[in-house]
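A short reminder: the numbers here are calculations on the coordinates, not readings from a lab. Because the structure is a prediction, the values reported are computed rather than measured. Cβ coordinates were reconstructed from backbone atoms using ideal geometry, including for glycine residues, and neighbour counts include every protein chain displayed.
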Amino acid sequence: MTRERSAHLSEEAFDDLLIGLGSPESRAHLAACSVCNSRVNEFHSGIDAFNRASLAWSEARPFASRRAAPRSSVRRVATSPLSWALAAALLIAIGIPTWNRQSYFKNNATVSDLQQGDSEARIAQDNDLLRSVNVAISQGEKPSIDEYNLLEAPHSRSRARPESRKR
Amino acid sequence: MASFLPASGSNPEAQLEAKEKVKQLARVLETLSYNQRTVFLMKFTEEMEVAEISDAMGMQVNTVRTHLHRALTAVRGRLGRTI
């Protein structure tokens, strides 16, 4: 049954045509009927608009371009011979003076140079500071065993254990 | 998503109508079931054949056809003559 009372394609026949499974009879009707033909065209124009919009939307997605941009720039830099030459020149320019300086200090440092920072006055000052910190901490501190009320409720501990074992 | 519809040189009225169609279709697609929406998009956006959709989804051809029919009924029923 491909036709309704109005002699146009039934909804099912129309859907079959849209799906691409239309019968030869339906296709013949479509070729001859301008009303059904315009319905098909209207449907396809709506779908085309949707497809164009979704394509433009997916192309304009900001995270896609953000992900693509660094990848391409890294690849470009990594493969360019000029960038390798530049990296090597930088390594030499920074590495050699640093290495020279370190070897100079290693060779020329004396015991007095190393002890200069650790004078007795400085050590005493640091010790005083640590002592005052210890005093400040211990004044407001409870004995650690009291924090858990272990001595006040010995039975609650024994009750709690079987439960924790169950888990 | 309708705002992403590229200007195709047509008049502003047609542009507005196309944007409205896109908006409505997107809304209807959201209401479809997963299978209905997937087969609809495979058919009309990816332009796959029913047999290809059947292979890709691991469904019988008749099942694909039923999903497409239901999706089309929903789309055409809710959008009426605008699509």
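Each of A:V133, B:V50 has some number of other Cβ atoms within 10 Å of its Cβ, and from fewest to most they run A:V133, B:V50. Neighbouring Cβ atoms from other chains, within 10 Å of the Cβ of residues in A:37-49, number 5 on average.
Listed by Cβ neighbour count within 10 Å, with the fewest neighbours leading, B:L25, A:L18 appear as A:L18, B:L25.
Once the Cβ-Cβ distance of A:V133 and A:A89 is raised to the sixth power relative to R0 = 51 Å, the FRET efficiency obtained is 0.50. I need the Debye-formula profile for the range A:18-62: one equal scatterer per C-alpha, no solvent, reported as log10 I(q)/I(0) at q = 0.13, 0.22, 0.25 1/Å, two decimals. Evaluating at q = 0.13, 0.22, 0.25 Å⁻¹ gives log10 I(q)/I(0) of -0.43, -0.76, -0.87.
Ordered by the count of other Cβ atoms within 10 Å of each Cβ, fewest first, B:E46, B:E13 give B:E13, B:E46. For the listed peptides A:38-48, B:51-61, a ranking on the average number of other beta carbons within 10 Å per residue, highest first, reads A:38-48, B:51-61. Compactness of the range B:11-82 was expressed as the Cα radius of gyration divided by 2.2 N^0.38 Å, which yields 1.22.
Between A:A28 and B:E52, the distance separating the two model label sites (each 7 Å from Cα on the Cα→Cβ line) works out to 3.0 nm. Counting only other chain Cβ atoms within 10 Å of each residue's Cβ, the peptide B:48-59 averages 1.
For the peptide A:51-60, the mean number of other protein chain Cβ atoms found within 10 angstrom of a residue's Cβ is 6.
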